[in-house]
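The structure under discussion appears below in the form of structure tokens.
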Amino acid sequence: MARETNAQFKLNLPRQLKAQLERAASDNLRSLNGEITYRLLKSFEPPYGEIDDRVKKIVETALTQIRGALDENDQHSGKSSIGQ
């Protein structure tokens, strides 16, 4: 007899939510179980997209400040350090 690796349990859902999950599962070419499992797993992942956006904004701000400082330095020294 094969050993079961997944836990099974009965889940009660509002009918409308079940219908939404069934449509999403069909759209994503997954079984209903696969769609529910996928969505639950995603809900435990860190919000990397939000972190990436925040990091991107910080880096862009820092680069703007660095470019401004380099431009100011260039004006005082008469050189261009951009691209070096």
Hits in the range 23-50 (condition: at pLDDT 95 or above and exposed (fewer than 10 other Cβ atoms within 10 Å of the Cβ)): Asp27, Leu29
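What about Arg54, is it touching a Phe, Trp or Tyr at 6+ places or on another chain (Cβ under 8 Å) and not hydrophobic (A, V, I, L, M, F, W, C)?
Working: touching a Phe, Trp or Tyr at 6+ places or on another chain (Cβ under 8 Å): no; not hydrophobic (A, V, I, L, M, F, W, C): yes.
For Arg54, the condition - touching a Phe, Trp or Tyr at 6+ places or on another chain (Cβ under 8 Å) and not hydrophobic (A, V, I, L, M, F, W, C) - is not met.
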Hits in the range 23-37 (condition: farther than 16 Å from Leu11 by Cα and part of a helix (DSSP H, G or I)): Arg23, Ala24, Ala25, Ser26, Asp27
Cβ-Cβ under 8 Å pairs, at least 6 apart or on other chains, the range 38-67 side more than 30 Å from Ser26 (Cβ to Cβ), far side at pLDDT below 90 and not in a helix (DSSP H, G or I): Arg67/Ile82
Qualifying residues in the range 2-22 (those that are outside any loop (DSSP other than H, G, I, E, B) and of a type in the set (A, V, I, L, M, F, W, C)) - the one surrounded by the fewest Cβ atoms within 10 Å (Cβ to Cβ): Leu17
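Of the residues Gln75, Gln65, only one is assigned to a helix (DSSP H, G or I), of a type in the set (S, T, N, Q), out of contact with any Pro (no Cβ under 6 Å at 6 or more places or on another chain) and modelled with pLDDT of 90 or more; which? So that I can check it myself, show each step before the final result.
On the way: Gln75 fails: modelled with pLDDT of 90 or more.
After ruling out the rest, the residue left standing is Gln65.
The values are calculated or read from the model by the stated rules, or taken from the named source; none is laboratory data. It should be emphasised that the depicted structure is a prediction, and the values quoted were computed from it without experimental measurement. Cβ coordinates were reconstructed from backbone atoms using ideal geometry, including for glycine residues, and neighbour counts include every protein chain displayed.
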